[in-house]
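> Got a structure here, written out as structure tokens. Questions coming.
The values are calculated or read from the model by the stated rules, or taken from the named source; none is laboratory data. If you're wondering where the values come from, they're calculated on a predicted model, not measured in any experiment. We place every Cβ from the backbone using ideal geometry, glycine too, and count neighbours over all the protein chains shown. Remember, those area values only see protein heavy atoms, side chains included, never the ligands or the DNA or RNA. Shrake-Rupley method; radii C 1.70, N 1.55, O 1.52, S 1.80 Å.
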Amino acid sequence: MPSLAIIGAQWGDEGKGKITDYLDEQADLIVRFQGGNNAGHTIIVDGKTFKLHGLPSGVVRPGKLAVIGNGVVVNLEELGDEINHVIANGGSVDGLRISDRAHLIMNYHKKLDGAEEKYRGKNVVGTTKKGIGPAYQDKIARIGFRAGDLLEDDLLDDKIAFILPYKKDMLDLMEAEPCSCTVESLLDKMRGWRDMVGRYICDTSVLVNDALDQGKNVIFEGAQGAMLDIDHGTYPYVTSSATCGGGICTGSGVAPNRIDGVLGVIKAYTTRVGEGPFVTELSGEEELALQHKGGEFGVTTGRGRRCGWLDLVVCEHASRMCGFTSMGITKIDVLNDTPDLPVCVAYEIDGEEVKHFPASIAKLNRAKPVYEHFKGWNGWRPEDTMSVVKAGYDNLPGEMREYIEFVEKYLKVPADIISLGPDRDETIDRRGDWWN
Ligand code: IMP
């Protein structure tokens, strides 16, 4: 199986970073296909720590190609800082490749992101304010800059002269912070970006398809999660890209028949950042306890994440939208020493039991979780985790296996990876070889 996609099954922050990092070791090429620097993960390679947002996780692994696909929106100013951070920490970005079709996040997109949120008032989405939504809006409105534009001076000059006044008017209209740049200063800035990353820009669809033709191992690395998908997520409380299965193809320039497997990453409980419906959300002390136990604070924004019990209505929706062929269950160790573990198996909406995640926000706001209760297990001390991992799946506490196997049965997908701690080694891998 030379290609595998890794997609979060909830609202992001499922621990995809760790699973991707764990599997990256076996991959030749890693592709990001959507989102931008609204994502965030920490990666440790040879004792060096890298905090990445816009760069694909594989970039810090020597000898691998790490691709920013056409479906990603790229903030080159912030990517420059990240590249410097990697180099300052003893890494290299030689393997980086950026699609010539990837759209750029400009400073005015960040300003518009903040202004749009202000306009929404009580309907605020709670975005990361990284300019993601406004950059995708411009892509669809056909007024976006693409990475490949940087390589064509005349085209760039022409586009800036047309687009900059348009965006300045938009900033005015939205009462956003004005943009002080001129056509000349923006052209200069963008030439600087070309000098910084021009050598990495290419047709990455050809690169990825050639790698697949040669039988190389390719990982498609999802960002955010299925429930933040622009079509299939909790609209309008979503991000602006296609985070589910279809996004892999449109965002990296590969056909559906080139994707051999999709690994859904499911956190053993649920979290979400920002606004929007969350049927199994906890409140008060109970929520704070889970937040602290799980270290649920955002890498990109530092915000405390909302926390609740595992919701299999959500996971079934994600699995259907992404085509999960296997699962990675993460942070199950966080549930150690919890006597009662509720798992949501349906919603009760207006007196009816509903098994499929509804589109309507109004319905979701009226939904009550229907729980099945599982007996918790007595966990181990963190320093014992490696011996638990070495003892293998069959020696995990019986109640933990019951929890995992219930999820497998409900979703009809095998849980091939069980993550028992933040380190790469703290992982039970029931498949071993991912490529056969
Ligand atoms: P945006 O992607 O910045 O437009 O934010 C839209 C929604 O997606 C907000 O609720 C964000 O909190 C959420 N979001 C964006 N990126 C992530 C992520 O990487 N993890 C979790 N939530 C995210």
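> ASP94 versus (1) away from the ligand (no atom under 16 Å from the Cβ); (2) assigned to a helix (DSSP H, G or I): which is the lone unmet condition?
Looking at each condition in turn, ASP94 falls short on (2).
> Just name the residue that is surrounded by the fewest Cβ atoms within 10 Å (Cβ to Cβ) out of those in the stretch 280-310 that are in contact (Cβ under 8 Å) with a residue 60 or more places away in the chain and within 16 Å of the ligand (Cβ to nearest atom).
Out of the qualifying residues, it is VAL299.
> Could you please find all residues in the stretch 41-74 being part of a loop (DSSP other than H, G, I, E, B), within 16 Å of the ligand (Cβ to nearest atom) and in contact with a helix residue (DSSP H, G or I) (Cβ under 8 Å, 6 or more places away or on another chain)?
Hits for the stretch 41-74 are HIS53, GLY54, LEU55, GLY71.
> Looking only at the stretch 92-100, decide whether some residue is closer than 30 Å to MET170 by Cβ and at pLDDT below 90.
The answer is no, given that none of the residues of the stretch 92-100 is closer than 30 Å to MET170 by Cβ and at pLDDT below 90.
> Quick one: is ALA359 open to solvent by 40 Å² or more (accessible area, probe 1.4 Å), over 25 Å from PHE220 (Cα atoms) and touching a residue at least 60 places away in the same chain (Cβ under 8 Å)?
Yes: the conditions hold for ALA359.
> Of all residues in the stretch 24-40, count the ones that are surrounded by fewer than 24 Cβ atoms within 10 Å (Cβ to Cβ) and closer than 17 Å to ALA5 by Cα.
Matching residues across the stretch 24-40 total 3.
> Return the pair list, or none, for Cβ contacts closer than 7 Å from residues in the stretch 191-208 that are at pLDDT 95 or above to residues that are surrounded by fewer than 16 Cβ atoms within 10 Å (Cβ to Cβ), at least 6 apart or on different chains.
Taking only residues 6 or more apart or on different chains, the pairs are ARG194/LEU151; MET196/GLY80; GLY198/LEU151; ILE201/LEU151.
> State whether the residues of the stretch 130-143 include one that is under 23 Å from the mean Cα position of the chain (by Cα), outside any helix (DSSP H, G or I) and of a type outside the set (Val, Ile, Thr).
Within the stretch 130-143, one or more residues are under 23 Å from the mean Cα position of the chain (by Cα), outside any helix (DSSP H, G or I) and of a type outside the set (Val, Ile, Thr).
> I would also like to ask the following. Across the stretch 133-156, which residue is nearest to PRO236 (Cα to Cα) among those that are surrounded by fewer than 16 Cβ atoms within 10 Å (Cβ to Cβ) and more than 16 Å from the ligand (Cβ to nearest atom)?
Checking each candidate, the answer is ALA141.
> So which helices (runs of 4 or more DSSP H) stay within the stretch 152-235 end to end and still have 1 or more residues that are farther than 30 Å from GLY264 by Cβ, of a type in the set (Lys, Arg) and under 31 Å from the mean Cα position of the chain (by Cα)?
Answer list for the stretch 152-235: 153-173, 183-197.
> Pairs please, first residue from the stretch 257-279 and among the basic types (Lys, Arg), second anywhere and within 15 Å of the ligand (Cβ to nearest atom) and part of a loop (DSSP other than H, G, I, E, B), Cβ atoms under 7 Å, 6+ apart in sequence or on different chains.
Hits for this filter: LYS267/GLN10; LYS267/GLU14; LYS267/GLY15; LYS267/LYS331; ARG272/TRP11; ARG272/PHE278; ARG272/ARG305.
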